[in-house]
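Step one of this worksheet: look at the structure below.
Quick note: the coordinates plus some simple rules give every number you see, no bench work behind them. Keep in mind it's a predicted model, so treat the numbers as computed, not measured. Note: ideal-geometry Cβ built from the backbone for every residue, glycine included; neighbour counts use all protein chains shown.
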Amino acid sequence: MADGVLVERAARAASARPRPNGVAIVDGIGGPLTRWFLDGVAIELGARGYPLQHESRRDATLDPHVRVVIHTVDPRQPRSFRRRSQEIFLAGVAEVPNRSDDMLQAGYPLLVRTLSNVLIALADEGGGAEAFLITLEQGFQRISHNGDDAGFFTRVVDRLVPLADSRLVIDNEFVADLAPELWEGTEETRSITRAGERLAELDLLPTPFPIEEMLTTDEMRHVQRIFGIGGVSYGNASARHQGDTFWMSASGVDKSHLEEIGREILLVTGFDAQRGVIRLSVPPGVKPRRVSVDAIEHVIIYREHPEVDAILHVHGWVAGVTSTEAVYPCGTQELANEVAELVHRAPDPGHAVIGLKNHGLTITGESLDEILDRVGANIVRRVPMS
């Protein structure tokens, strides 16, 4: 890919919307630790030039430029903050009175119940505060105070700022125009089936906590609309079809049993950049599932690298990989751009292994079989968090 393409892509991203975006802090719940935390976050955000809106009521009208809502959560009665659109990112803040040995397990239900993009569980260890940042993809990061206010809030806001500066691209447009000869699948779709089976054998399909059991039907619909996922297992696989079109696993399905075309495996045929919509071709009469939230990342890589014929994303790690720096949410244009640029910079873009900080891996290759033969044995399930 020519450097001019990178410059053009960066310019498009920079001009996509005005800067800076705003942050709203919706307070009203929590004790002194929460007050101290919110004050410190507000000071750091203000120092970085992010407009702040402070509210005490959950039904307050937000400024139209607000992109991130930091809202306090009662761990005993967690409530959601209903955002007006998927372009609003939520960071829940919950003061946990009794620190658990497994803060991911303790905090994840609060994340789901509050429909947040990230849940910040606060604990006071006597010698100083700790913040545990948890994401729906089971990302987990611990930030300790260590007697340093400035360093602590710098690290916390470093994690929140990408939410304010990112654009979700997870909307799907389904068109019932899939050619009849593709309704039963192709060798590429069968390779996706095999990849899912092999990922299961390698124990690389982590399963989220049972969010369906934690949420009401209405809340579950809201999670699927906002996050674009529906539980079951994490990770995804894709294989090039023709040109820039490619087959990809759906969201919210068991990746170890990928078979049905239009529901479990979908054909991505385009991307409307202006609307931020992924176009999919499906068979008539099929009720399709949404494609994986990482589809925008695969769109960019396939378009820019004709030598890439397959892409695998897993929630695992390989020692020594080059990794993204910013922690953008999955399904955002910014994360897709950063991963695609690292693929471009790799010594061999057609066989690249790229780390997504605090999240997992994106791996390119000649086929999914080739990727798993080459890298599968080296992948460890535990992703390092920093």
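Quick look at the numbers
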| item | result |
| --- | --- |
| Peptide ranges 136-149, 262-275 listed from the most packed, as the mean C-beta count within 10 angstrom indicates | 262-275, 136-149 |
| Additional length obtainable on full extension of the chain from D102 to R345, 0.36 nm per residue less Cα span | 83.7 nm |
| Nearest-ten-degree value, helix 187-201 long axis tilted from longest Cα axis of the chain | 50 |
| Crossing angle, helix 217-227 versus the chain [Cα axis fit, 0-90 degrees, rounded to tens] | 70 |
| Rounded to 10°, Cα long-axis angle of helix 103-113 versus longest principal axis of the chain | 80 |
| Among 288-296, 349-357, 373-381, the order from most to least packed when residues are scored by Cβ within 10 Å on average | 288-296, 349-357, 373-381 |
| For region 17-164, average projected area of the Cα convex hull in nm² | 8.2 |
| Region 17-164 - percent relative contact order, Cα under 8 Å, separation 6 or more | 22 |
| Contour excess over end-to-end distance, with Cα ends at Q77 and D63 and 0.36 nm allotted per residue | 2.3 nm |
| Prolate/oblate/rounded call for region 171-378, Cα gyration tensor, a/c under 1.5 rounded | rounded |
| Point-charge dipole on Cβ atoms (K/R +1, D/E -1) for region 171-378, about Cα centre, debye to 20 | 360 |
| The chain: antiparallel DSSP beta bridges as a percent of all, rounded to 5 | 60 |
| Karplus (6.51, -1.76, 1.60) ³J(HN,Hα), θ = phi - 60°, over region 139-147, in Hz, Gly and Pro reported as x | x, 8, 9, 10, 10, 9, 6, 6, x |
